[in-house]
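For reference, the structure is listed below as structure tokens.
Taken together, the values in this text are just the output of simple stated rules run on the coordinates, not laboratory data. The shown structure was predicted, so the numbers you read here are calculated from the model rather than taken from an experiment. Note that we place each Cβ from the backbone using ideal geometry, even for glycine, and neighbour counts take in every protein chain shown.
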Amino acid sequence: MKNNLKISFIGGGNMATALIGGLAGKLTDGANIHVVDINADSLHKLAQQYHVTTAQQIGEAIAQSDVVVLAVKPQQMKSVVAQLQPFVTSQLVISIAAGIRAADLSRWMHGHTAIVRTMPNTPALIGKGITGMVALSGVSQEQINAADAIMRAVGPTVWLENEALIDPVTAVSGSGPAYVFYFLEAMQQAAEEMGLTPEQGMELAIATFSGAAQLAAQSAEPVAVLRDRVTSKGGTTYAALTSMEESGVKDAIIRAMKAAAARGKEMGEEFGRD
């Protein structure tokens with residue numbers, strides 16, 4: 001349902017563009033969206049496509065917003081928030097940056113607590129993302145509803161009770177598309193080494209991954225049961241999975257995801273220092 005929510009984006013990169021594309025003319029009019037970015041070309045494209053207002057510097061337009069979305073790189077966040085702070089009063093602030101803790105954002109904004117920290121992922125670029133979200137105590141129910149509606153513009157949302165769980169979300173879904181692409185690369189390479197063309201290998205790999213994921217999403221059965229149903233003892237799938245188990249593939253994936261979560265926590269400590 002469309003409303004007159006006024007939203008300012010600090011940063012006009014890929015994720016911000018995906019959100020703007022899902023919001024403009026749907027949740028709110030493009031004219032109610034303001035984008036701040038130093039890249040004039042990016043701003044021109046956004047204004048042309050979605051009829052948003054733009055600026056290359058943070059200014060008074062932020063003070064008129066209901067929601068401010070922080071869509072800058074983690075290492076830029078502290079300096080950006082310092083420029084933003086004079087214009088933030090009661091607005092809802094949504095962060096989509098990895099590793100930046102809500103408590104640090106609140107401190108940098110002189111105790112502002114209407115903050116929702118989120119972790120979307122890159123399939124948001126085609127409206128197929130998923131976002132983990134957590135709210136500080138100063139966020140009203142109305143603001144929670146607004147944050148949910150904004151992030152649902154690019155896919156479903158998962159609300160968390162504890163901000164510490166954002167790091168596991170980052171490891172599973174935030175970084176997750178890279179794991180999928182890595183596996184697809186391996187499938188394509190194996191296909192080529194067995195005589196298929198690169199195009200055939202990639203087409204087969206993508207269709208298989210997509211189809212299996214949709215089957216898992218639509219089935220009431222656990223994925224372990226779905227896997228067992230494809231695995232006849234002594235058959236081709238059994239041979240492949242046995243090889244993966246002997247190589248420790250599952251353990252390696254679990255270790256990798258835990259490493260991603262640990263790095264997310266480290267980033268919070270690193271970027272949150274005064």
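In the elastic network of the chain, a GNM with C-alpha springs shorter than 10 Å, the most mobile of E245, E142, E60 is E245. Students often get this wrong: which residues of region 1-35 have the backbone nitrogen under 20 Å from the point 7 angstrom along Cα-to-C-beta of K45? The answer is 9-25, 30-31, 33-35.
Of all DSSP bridge pairs formed entirely within the chain, close to 15 percent run antiparallel. A straight line joining the Cα centroids of region 116-135 and region 18-53 runs 18 Å. Tell me which lysines have Cα within less than 21 Å of K73's Cα, excluding those fewer than 8 residues away on the same chain? Qualifying lysines at Cα under 21 Å: K45, K265.
In the chain, the longest principal axis of the Cα atoms and the axis of helix 40-50 are about 80 degrees apart. Between amide H atoms placed 1.01 Å from N, distances below 5 Å from V35 occur with F9, T53, T54, A55, all of them 5 or more places distant or on a separate chain. What is the spin-label model distance, in nm, from Q64 to E192 if the labels are put 7 Å beyond Cα along the C-beta direction? That separation, rounded to one decimal, is 5.3 nm.
Just checking the listed ones, K78, K250, K45: in the Gaussian network model of the chain with Cα springs under 10 Å, the one fluctuating most is K250. For the pair V249 and A164, label points projected 7 Å from Cα toward Cβ lie 3.3 nm apart. Extent of the chain along its three principal axes (Cα atoms, max minus min coordinate, largest first): 68, 38, 33 Å.
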